[in-house]
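The next block holds one structure in the form of structure tokens; read it before the comments.
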Amino acid sequence: MSHVMNTYKRLPVSFEHGEGVWLWDGAGRRYLDAVSGVAVNGLGHAHPELVKAISEQAGRLIHTSNLYEVAKQEALADRLCALSGMDNAFFCNSGAEANEAAIKLARLHGHGRGIEVPTIVVMEKSFHGRTMATLSATGNRKVQAGFEPLLSGFARVPYDDIPAVEQVAAHNKSIVAVLVEPYQGEGGVQVPEANYLIELRRICDQHGWLLMLDEVQCGTGRSGKWFAFQHGDAVPDVMTLAKGLGSGVPIGACLARGAAAEVFKAGNHGSTFGGNPLACSAALATLAIIEKEGLLAHAGKLGERIKAGFAEKLSGIQEVAQIRGQGLMIGIELDRPCLELPLMALERGLLINVTADKVVRLLPALVMNEAEAQQMVDEVSALIIDFLRGN
Ligand SMILES: *Cc1c(COP(=O)(O)O)cnc(C)c1O
């Protein structure tokens, strides 16, 4: 019997080492990794420059606490603000914690404006994490069931539905912020209308709300820009990051801009591990490598090729409802549940993910090359066709 608590249904494989988009199990079998640790390993596995950066940092200093100044944290905040146009950053250790910081910031902002029950607009099919506040914000009953009482202070509307937000604005005077994923990940790789964030920005400005973007999954280069909001003109007040930021070394960040950057005062929030020198060196190396290797443009171009490849390979297959995504965040929606696909794929030496029951989700590393992408398209297409034919 395993002594690990039973919170995950795991596939029957354990990996020993990796290189780029490849992983090897204990028996020496090789797998093409199209999951990247759920959008974490953007640089692929064992990127030599990342390994060097964290090894050197570990040899010098891993942790000192936030009782003292942390030079690497200052450097990372500078870099993230320069790339995003935000003004400052709070560092933590995960996506859920980054969103917790955003939720707390929004509530404090609301109380500062004299709003007694500050309420945040959140979306259906959203995912913001597994802590009590973030699962309450999440738009998925499966994540919430059994954990009631949920936190109050959230008003839910459908994703990509501006009239629904307008309606909340007209009726609820306690709203202080909107929390939204620019592209939904767990919700099934949902891509909203091109002007969605611009419209949300307009409503937020009109009512004095904060626009808070959860870029935990779609940020740090995955969409083909540093941050997904940079595909359009809307700039957020708050943005959260985690997943790809540290390439596997746990780090999360909550960035803020303008008035939102002045909300937290010393003592309002904290984290023991948050932004320690090791995690910050991993994030700084990640950003430096993405820039040096031109991975933003590469991810954007490769994503388009991959979608075109699937459109070709799966054309005429009526059970394939839609192929969508942005950059290297790609979803293939089927007309039926396909939760057995990851195990079928594993048996073929391929790692894929299924989310929202019937969406095959691919999150390959930003370093994936064209030949590897073609192999992924060929193998995933063949797998989907075999699955639909009952093979
Ligand atoms: C994964 C994810 C989270 C939660 O991140 P954790 O590091 O697992 O806490 C939050 N928001 C989005 C959009 C995510 O994809």
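The values are calculated or read from the model by the stated rules, or taken from the named source; none is laboratory data. Values in this document were obtained by computation on a predicted structure and should not be read as measured data. For neighbour counting, all protein chains shown are included, and Cβ atoms are generated from backbone atoms with ideal geometry for every residue, glycine included.
For the reader, a short list of remarks on this structure follows.
- Residue in region 344-359 that is more than 26 Å from Glu215 (Cα to Cα) and polar (S, T, N, Q) present: no
- Selection count, region 197-254, where residues are in a loop (DSSP other than H, G, I, E, B) and either more than 15 Å from the ligand (Cβ to nearest atom) or over 17 Å from the mean Cα position of the chain (by Cα) (or both): 10
- Single residue of Glu148, Glu199, Glu166 found to be among the charged types (D, E, K, R), more than 28 Å from Leu334 (Cα to Cα) and in contact with a helix residue (DSSP H, G or I) (Cβ under 6 Å, 6 or more places away or on another chain): Glu199
- Any chance Ala137 is surrounded by 19 or more Cβ atoms within 10 Å (Cβ to Cβ), within 28 Å of Ala194 (Cα to Cα) and within 15 Å of the ligand (Cβ to nearest atom): yes
- Among the residues of region 107-122, none qualifies, meaning not one is surrounded by fewer than 22 Cβ atoms within 10 Å (Cβ to Cβ) and within 20 Å of the chain's Cα centre (by Cα).
- Beta carbons closer than 8 Å, at least 6 apart along the sequence or on distinct chains, pair a first residue in region 282-306 that is modelled with pLDDT of 95 or more with a second that is outside any helix (DSSP H, G or I) and charged (D, E, K, R) for Leu296/Lys225; Ala299/Arg222; Gly300/Lys225.
- One residue from Leu23, Leu32, Leu43 being crowded, with 20+ Cβ neighbours inside 10 Å, in contact with a Ser or Thr (Cβ under 6 Å, 6 or more places away or on another chain) and either among the aliphatic types (A, V, I, L, M) or over 29 Å from Gly275 (Cβ atoms) (or both): Leu43
- Some residue of region 76-89 being at pLDDT 95 or above, crowded, with 17+ Cβ neighbours inside 10 Å and over 29 Å from Asp233 (Cα atoms): no
- With respect to being touching a strand residue (DSSP E or B) at 6+ places or on another chain (Cβ under 8 Å), assigned to a helix (DSSP H, G or I) and modelled with pLDDT of 95 or more, Ala261 fits the description.
- Listed by first and then second residue, the pairs with beta-carbon distance under 6 Å, at least 6 apart or on different chains, first residue in region 190-207 and of a type in the set (Asp, Glu), second in a helix (DSSP H, G or I), are Glu199/Ile162.
- Every condition in (1) within 23 Å of the chain's Cα centre (by Cα); (2) over 21 Å from Gly244 (Cβ atoms) is met by Gly37 except one, and the failing one is (2).
So that you can scan it fast, the table gives a plain yes or no per residue for (1) modelled with pLDDT of 95 or more; (2) more than 18 Å from Gly185 (Cβ to Cβ); (3) more than 16 Å from the ligand (Cβ to nearest atom):
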{"position": "Glu49", "(1), (2), (3)": "yes, yes, yes"}
{"position": "Phe91", "(1), (2), (3)": "yes, yes, no"}
{"position": "Lys104", "(1), (2), (3)": "yes, yes, no"}
{"position": "Val117", "(1), (2), (3)": "yes, yes, yes"}
{"position": "Val122", "(1), (2), (3)": "yes, no, no"}
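- Count of region 157-196 residues which are under 17 Å from Pro118 (Cα atoms) and within 16 Å of the ligand (Cβ to nearest atom): 4
- Contact map, region 121-132: residues that are within 24 Å of Thr7 (Cβ to Cβ) and part of a helix (DSSP H, G or I) paired with residues that are more than 8 Å from the ligand (Cβ to nearest atom) and of a type outside the set (Asp, Glu), Cβ distance under 8 Å, separation 6+ or inter-chain. Pairs shown: Met132/Phe147; Met132/Leu150; Met132/Leu151.
- Ala356 meets the conditions (1) over 18 Å from Ala321 (Cβ atoms); (2) among the small types (Gly, Ala, Ser); (3) in contact with an Asp or Glu (Cβ under 9 Å, 6 or more places away or on another chain) in every case but one. The failed one is (1).
- For region 284-315, the tally of residues that are in a helix (DSSP H, G or I) and in contact with a strand residue (DSSP E or B) (Cβ under 8 Å, 6 or more places away or on another chain) stands at 5.
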